[in-house]
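The structure's right below; bear with me while I get my questions together.
FYI, it's all coordinate maths here, none of it is from the lab. Computed from a predicted model, the values in this text were never measured in an experiment. Neighbour counts are summed over all protein chains in view; Cβ atoms, including those assigned to glycine, are modelled from backbone coordinates with ideal geometry.
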Amino acid sequence: MNVLLKAVVARTIALAVNGETMIRKLLQKIKEKISSRQEHTNRFLKFYYAHHRRLLKERRSTYYTKREKGICVRCSRKSLAGIIFCSYHQKMQKGYNQKARAK
Ligand SMILES: [Zn+2]
């Protein structure tokens, strides 16, 4: 009896958690709909806000596949051993880091 009760409680909690994530996802979608209707300063920003979730996913997956294959994550040249950039982008990155640290 006690085991059955525990199972019922666990199932109820699982359903509640699922419901909560579903509501959160729904709210997220509504927010996106609202933000996609807003006026944007230019068509590029409008496109970005309309597709940013998919774009971010794609960029993230490209980053990981490039990193695994030893290709620079900013271009299509071969990356240097042990890092994710080619020699050109490593040089650029060094400049960005210096600028950021100087602030
Ligand atoms: Zn590169």
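Which condition does Phe85 not pass, out of (1) under 17 Å from the mean Cα position of the chain (by Cα); (2) surrounded by 11 or more Cβ atoms within 10 Å (Cβ to Cβ), if it passes all the others?
Unmet for Phe85, out of (1) under 17 Å from the mean Cα position of the chain (by Cα); (2) surrounded by 11 or more Cβ atoms within 10 Å (Cβ to Cβ): (1).
In the stretch 70-103, what count of residues is obtained for those that are farther than 17 Å from Arg59 by Cα, assigned to a loop (DSSP other than H, G, I, E, B) and more than 8 Å from the ligand (Cβ to nearest atom)?
Residues meeting the conditions: 5.
Yes/no matrix, rows are residues, columns are (1) over 30 Å from Lys91 (Cα atoms); (2) under 18 Å from the mean Cα position of the chain (by Cα); (3) within 16 Å of the ligand (Cβ to nearest atom):
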position: Gln28; (1), (2), (3): yes, yes, no
position: Glu32; (1), (2), (3): yes, yes, no
position: Glu39; (1), (2), (3): yes, no, no
position: Arg43; (1), (2), (3): yes, no, no
position: Thr65; (1), (2), (3): no, yes, yes
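Mind checking which residues of the stretch 33-69 are part of a loop (DSSP other than H, G, I, E, B) and surrounded by 13 or more Cβ atoms within 10 Å (Cβ to Cβ)?
Listed by number, the list holds a single entry, His40.
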